[in-house]
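Student: Quick one: the structure is below, questions incoming.
The values are calculated or read from the model by the stated rules, or taken from the named source; none is laboratory data. These figures come from a predicted structure and were not determined experimentally. Don't worry about glycine lacking a Cβ; one is built from the backbone with ideal geometry, like all the others, and counts go over all protein chains shown. Heads up: the accessible areas ignore ligands, DNA and RNA and are worked out on the full protein's heavy atoms, side chains in. Shrake-Rupley method; radii C 1.70, N 1.55, O 1.52, S 1.80 Å.
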Amino acid sequence: MEYTMTQKTKLISALKKGTALSSKQITARLKIASPSKVVSRLRLDDGYKIQSKVHTDTRGRTTRKYQLAK
């Protein structure tokens, strides 16, 4: 399946701003239907070091957020 450069560009520019985003946030804000696949393509094809970290909110719910490695 081909992923357009606009999806990759949107996601990488959001991550370069220092924002940590969950899959739901990426889908809602950037209109990317399959965030994990785009993240995987950025890692494998373009060599970006994108981390996924577990985040726990104040109610104890855990989510996985993506951010660029420093």
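Student: Under 9 Å between Cβ atoms, which residue pairs at least 6 apart in sequence (or on different chains) link something in the range 39-66 that is without any contact (Cβ under 8 Å) to a residue 24 or more places away in the chain with a partner that is among the hydrophobic types (A, V, I, L, M, F, W, C) and open to solvent by 50 Å² or more (accessible area, probe 1.4 Å)?
Tutor: That search, which allows pairs on different chains as well, returns Thr62/Val54.
Student: Among (1) part of a loop (DSSP other than H, G, I, E, B); (2) without any contact (Cβ under 8 Å) to a residue 12 or more places away in the chain, which single condition is Thr27 missing?
Tutor: (1) is the only condition that Thr27 fails.
Student: Hey, another quick one. Would you check which residues across the range 50-70 are surrounded by fewer than 10 Cβ atoms within 10 Å (Cβ to Cβ) and either assigned to a loop (DSSP other than H, G, I, E, B) or of a type in the set (S, T, N, Q) (or both) and list them? So that I can check it myself, show each step before the final result.
Tutor: Within the range 50-70, the first condition is being surrounded by fewer than 10 Cβ atoms within 10 Å (Cβ to Cβ), and the residues that meet it are 54, 56-62, 69-70.
Those that are surrounded by fewer than 10 Cβ atoms within 10 Å (Cβ to Cβ) and either assigned to a loop (DSSP other than H, G, I, E, B) or of a type in the set (S, T, N, Q) (or both): Thr56, Asp57, Thr58, Arg59, Gly60, Arg61, Thr62, Ala69, Lys70.
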